[in-house]
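For reference, the structure is listed below as structure tokens.
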Amino acid sequence: MNIFQRIYSLLFSRFLVSNNRNQNGKIETALVKYSKMPLPELFQLLNTSAQGLLESEADDRLEKFGLNQIAYEGAPPWYLLLLMNFANPFNLLLMFLALVSFFIGEMDAVYIISVMILLSVTMRFIQEYRSNQAAEKLKALVSTKATVFRRKTETSESKKVEIDIKYLVPGDVIYLSAGDMLPGDVRLVSAKDIFVSQGTLTGESLPVEKDESFNPGNSENPLEMPNMCYMGTNILNGTASAVVVSTGNLTYFGSVAKSITGYRPETSFDIGVNKVSWLLIRFIFIMVPIVFFLNWFTKDSWLESFLFALSVAVGLTPEMLPMIVTTNLARGAINMSKHKVVVKRLNAIQNFGAMDVLCTDKTGTLTQDRIILDRYLNIEGEENSEVLTYAYLNSFYQTGLKNLLDLAVLEHRAETSQNKNSHQDDIDKVYQKVDEIPFDFNRRRMSVIVQKDPKQHILICKGAVEEVLAHCVSAKMNDLIVPLTDQIKTQIEHLNKDLNEDGLRVLAVAFKEMVNQGTKEYRSSDENNLTILGLLAFLDPPKSSTAESLKKLDQYGVQVKVLTGDNELVTRKICSWVNLSIEGSATGTQIDNLTDSELGSLVEKTTIFTKLSPLQKSRLIAALKLNGHTVGYLGDGINDAPALREADIGISVDTAVDIAKESADIIMLEKDLLFLGEGVLEGRKTFGNIIKYIKMTLSSNFGNVFSILGASAFLPFLPMQAIQILIQNLLYDISQISIPFDNVDQDFLLKPRKWNPSGIAKFTLFIGPISSIFDYTTFAIMWFYFEANTPAKQSLFQSGWFIEGLLSQTLIVHMIRTKKIPFIQSIASLPLLLTTAIVMAIGIYIPYSYIGASIGLVPLPLSYFPWLIATLLCYCVFTQIIKVWFINKFHYWLE
């Protein structure tokens, strides 16, 4: 957050809160009323029904209520973005200096400072606007859908339709299942085992159970209403239908969001930039008064000294810093957009470069995310059609979130049903669904209840082998149901292990036949006394690019750790296929038994973590962060949301569930680790070019202060006129515009990069004074050799330092942009070379031009230029020597 945003927040936060308090109160009152209102009355109030809206009614309401969007989520309009770019500490300081110059009549200073401000703001605005445009285009490809019941006519049947959530309107009846984000504030119409995470609104970590029961109670807090769910929360488990009561800014979430419009928590990147910015501002406020009083004391002219000090303040102000930072981040975002990667937060790009540990799920990242049903076996290890039939019924009739394993079963049926003699042909017409018990991550299984005979119900359970087996009391062998003995259980476990060792994911299928009990509602407690029928084995082959991707990440210094809910045997097999070296493994159960310090030690020496719950994944990432790592997490499931939020950089894909996409900082439109390698490089290039400017600015300013203080103390005239300093600084700023387009050395990209304040301080301390040494040699040459040692010859002295000072400042970026020998072992990009050359040529020409004469500069004799060349060569060589010593001494350079 910049200084303007801080001031804005302080001045207007009270106003924003009070302005929204009335609206918030009205919204809360309305939600409580909707909760306590009998459902028929609510339908009547909303002019809808359990069958949903007509398409024509939905269109009319969309015009009336507008799109279902929170106002602050979009990019700001161009004019607001332009105004915001004026509001940073350095521009505010320059505007103040321009105002002071205006009041004392120094219009030349006003014009030059204004050009500096416009240059910085315009460049930053162009880059941010281009970045926003590119991001908005890609965000249009990232879809968040809602399933609604819609009818074409009053008499037509209501059908489920998927629509973009922004087209949802009050009165819509929607269908919800595990993994869905709540697209609006809703009243439940029907519900089955619904658990909702309300942490975004309440901060509570545990999910809340919801139901459709009409139980008003005495509470007036809408968040405590059991039959209400709110935008911004998400379904963790179960299924439901609900009627939308409010959308957009009229939701509970929308009313809260409006009171904090414009606020974003600071990242480590923001903190790093802000620390540097305020360090420079404090430096300016300390040094400028010293320069003023020193010159006033020695030159006995307060106005001339004041103007000189004003110019020094401008010279010390790194007005291009916001532009350099934004341009680098924006270029990174635009480059990543070419690889179909949506950057939701610009600052996430730098975190990408700093990432040294990537945690990822196994399925879909290391593997093809294309599960196929490879085998369906009875407990004796033979292919069995009944196992496939029951598996199909379970997958076909479940209405929750169909995962890849369910889709593989359904696709297998679609393929085999082409055979007329297929045993699966039309089996969904033979068996009718009665009920279901949805999947959740604690039970790790789900069941459907079907009937073939009206007198009998069949519960079909499918899930993790150990979880299903634990609830079985019998087994079907040779078409006979026999007790589940320890011998049979061992036989099943061995079969499961053999399949796992082949790299197959295994699920168990069990059933229970029951007498039809009429309107009985089935619960998870009914999943007992089951009969184990057989096993399903699924294959998810590794991607062809995975091994190459992991090799690249290893070269870039990024450790890869696999965090999965799958078992260890399958995970180890997949890792061996993709050449991922395994140092150790641990399970979720083992993690639960460890203290935080023990876990911190374990995560450093462990590569794969298996059988993990969502909270265990999040805890592992927190442990890595406490150890000083910058952690990325790649995931796309409901169980990945806590880990995505906990990670320094959350990465998801467009095909992910809603809550995963909302939790991520970056969204890939194609799930491939190769894109992660590109992202790491972009992050490190971005950081490299930002740190170049910061170190160059700090060292240059530090050196200039030494030069100015010395010259002010010993010269009988000003070493440079105020207008000359301003023009020199303007040219210097122009030369830095192309830094974001510079190359970065390959060896710099091989290592994760983080902010290192102590490194920046050491760099400034050792490199900054070098320029002062050669400034003083220039002073000596002009004073003794050219005899510019009287006020009558001050213009010659000032012209000599004007050129030397500009050229040395312009060259410094080439010296610090690489730890190699500049211009020989590492050459800057063409844009940077061109701007450097052009600015140096202009700087040399100015004393010979009309502009130079108008600001007090004079042509220099040709004998000056051999001295200039010698000075600059010595400056470059000495800087290179100190640079090599510095690297060997402290073992880092641009960190």
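The values are calculated or read from the model by the stated rules, or taken from the named source; none is laboratory data. None of the values given here were measured: they were computed from a predicted structure. All Cβ positions, glycine included, derive from the backbone under ideal geometry; neighbour counts span all protein chains shown. Protein only, heavy atoms only, side chains kept; ligands, DNA and RNA dropped before computing areas. Shrake-Rupley method; radii C 1.70, N 1.55, O 1.52, S 1.80 Å.
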Query - Solvent-accessible area, 1.4 Å probe, carbon plus sulfur percent, for region 580-694 - result: 47 percent
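Ordering Ile651, Ile838 by accessible area with a probe of 1.4 Å, largest first, what comes out? The partial results should precede the final answer.
Values: Ile651 0, Ile838 95 Å².
Ranked from most to least accessible, the order is Ile838, Ile651.
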Query raised in the report: How much solvent-accessible surface does Glu41 expose, in Å² to the nearest 10, with a 1.4 Å probe and all protein chains in place?
Result: 100 Å²
Report summary line: On the formula 1/(1 + (r/R0)^6), with r taken between the Cβ atoms of Ile824 and Ala870 and R0 of 25 Å, the FRET efficiency rounded to 0.05 is 0.85
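List the trypsin sites (Lys or Arg not before Pro) within region 317-362 that fall in a DSSP loop (any state other than H, G, I, E or B) and whose Cβ has at most 15 other Cβ atoms within 10 Å. Walk me through the numbers on the way to the answer.
Working: sites: Arg331, Lys338, Lys340, Lys344, Arg345, Lys362; in loops: Lys338, Lys340, Lys344, Arg345, Lys362.
Answer in residue order: Lys338, Lys340.
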Query raised in the report: Helix 89-103: angle to the longest alpha-carbon principal axis of the chain, degrees 0 to 90, nearest 10?
Result: 40 degrees
Query raised in the report: Can you put Thr485, Thr155 in order of accessible area, largest first, using a 1.4 Å probe?
Result: Thr155, Thr485
Report summary line: Once amide hydrogens are built 1.01 Å from N within the peptide plane, the residues lying 5 or more places from Lys561 or on another chain with amide H under 5 Å from its amide H are Leu358, Cys359, Thr360
Report summary line: Of the residues Ala837, Ile582, Ser385, the Cα lying farthest along the dipole of the chain towards its positive end, which is defined by charges on the beta carbon of Lys, Arg, Asp and Glu, belongs to Ala837
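Treat every Asp and Glu Cβ in the chain as -1 and every Lys and Arg Cβ as +1, leave all other atoms uncharged, and give the resulting dipole magnitude about the Cα centre to the nearest 20 debye. Write out the running numbers ahead of the final one.
Numbers: 81 positive and 91 negative charges, 434 e Å.
With Lys and Arg at +1 and Asp and Glu at -1, about 2080 debye.
In debye, nearest 20: dipole of region 589-668 around its Cα centre with unit charges on the Cβ of K, R (+) and D, E (-)?
On the way: 7 positive and 12 negative charges, 42 e Å.
Computed about the Cα centre, the dipole is about 200 debye.
What is the Cα radius of gyration of region 556-618 over 2.2 N^0.38 Å, N being its residue count?
Working: Rg = 11.6 Å, N = 63, 2.2 N^0.38 = 10.6 Å.
Compactness ratio reported: 1.09.
Rg/Rh for region 429-580: what does it come to with C-alpha atoms and Rh from Kirkwood? Walk me through the numbers before you get to the answer.
Numbers: Rg = 19.5 Å, Rh = 17.7 Å.
Looking at region 429-580, the ratio lands at 1.10.
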Query raised in the report: Among the listed pairs Lys340/Lys751; Lys362/Lys543; Lys605/Lys625, which are separated by more than 20 Å between their Cα atoms?
Result: Lys340/Lys751
Query raised in the report: What is the local net charge at Tyr633, summed over the other residues whose Cβ is closer than 12 Å to its Cβ (Lys, Arg +1; Asp, Glu -1)?
Result: -2
Report summary line: Summing +1 per Lys or Arg and -1 per Asp or Glu among the other residues with Cβ less than 13 Å from Phe65's Cβ gives -3
Requested in this report: Could you check the simple spin-label distance between Ile887 and Ala780, using points 7 Å along Cα→Cβ, in nm with one decimal?
Outcome: 2.9 nm
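Sorted by mean Cβ packing within 10 Å, highest first, what order do the peptides 804-811, 284-291, 446-453 take?
Numbers: 804-811: 23.1, 284-291: 16.5, 446-453: 19.6.
So the order, starting with the most tightly packed, is 804-811, 446-453, 284-291.
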Report summary line: Taking r as the C-beta separation of Thr485 and Thr589 and R0 as 41 Å, the FRET efficiency to the nearest 0.05 is 0.95
Query - Rg ratio (alpha-carbon, reference 2.2 N^0.38 Å) - region 563-702 - result: 1.22
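Suppose R0 equals 41 Å. What FRET efficiency, 1/(1 + (r/R0)^6) with r the Cβ-Cβ distance, do Gln517 and Thr147 give to the nearest 0.05?
Working: r = 30 Å, r/R0 = 0.74.
That pair, Gln517 with Thr147, gives E of 0.85.
So for Arg150, Arg645, Arg684, what's the accessible-area order with a 1.4 Å probe, most first?
Arg645, Arg150, Arg684
Shape verdict for region 764-840, please, from the Cα gyration tensor: rounded (a/c under 1.5), prolate (a/b greater than b/c) or oblate.
Numbers: a/c = 3.38, a/b = 1.94, b/c = 1.74.
The shape class here is prolate.
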Report summary line: Measure of exposure for Ile824: accessible area at 1.4 Å probe, Å² rounded to 10, is 130 Å²
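Dipole of region 748-895, Cα-centred, from +1 at each Lys and Arg C-beta and -1 at each Asp and Glu C-beta, to the nearest 20 debye?
Values: 10 positive and 4 negative charges, 163 e Å.
Approximately 780 debye in magnitude.
At 1.4 Å probe radius, can you tell me the per residue accessible area of region 783-895 in Å²? Let's see the in-between values first.
Details: 5340 Å² over 113 residues.
Roughly 47 Å² per residue, with all protein chains present.
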Query - Ile113 accessible area, 1.4 Å probe, all protein chains in place, Å² to nearest 10 - result: 0 Å²
Query raised in the report: What is the helix-to-structure angle for 55-65, meaning the angle in degrees between its Cα long axis and the longest Cα principal axis of the chain, kept from 0 to 90 and rounded to the nearest 10?
Result: 40 degrees
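Sorted by mean Cβ packing within 10 Å, highest first, what order do the peptides 689-695, 192-198, 546-552 take? Provide the component values of the computation, followed by the final result.
Working: 689-695: 24.4, 192-198: 21.4, 546-552: 18.1.
Peptide ranking by packing, descending: 689-695, 192-198, 546-552.
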Query raised in the report: If each of Leu45 and Lys340 carries a label point 7 Å out from its Cα toward its Cβ, how far apart are those two points in nm?
Result: 4.6 nm
Report summary line: Sorting Thr531, Ser544, Met477 by the position of each Cα along the dipole of region 461-558 (Lys, Arg +1; Asp, Glu -1; all at Cβ), the one nearest the positive end of that ordering is Ser544
Query raised in the report: Which of the listed residues, Ser447, Asn394, Ile591, is farthest toward the dipole's positive end in the chain, when Lys, Arg count +1 and Asp, Glu count -1 at the beta-carbon?
Result: Ile591
Report task. Any chance you could give the angle, 0 to 90 degrees and rounded to 10, that helix 568-577 forms with the longest Cα principal axis of the chain? Result -> 50 degrees
Report summary line: Counting only protein heavy atoms with a 1.4 Å probe and every protein chain in place, the carbon and sulfur fraction of the accessible surface of region 712-848 in whole percent equals 71 percent
Report summary line: Rounded to whole Å², per residue accessible area for region 537-605 with a 1.4 Å probe reads 46 Å²
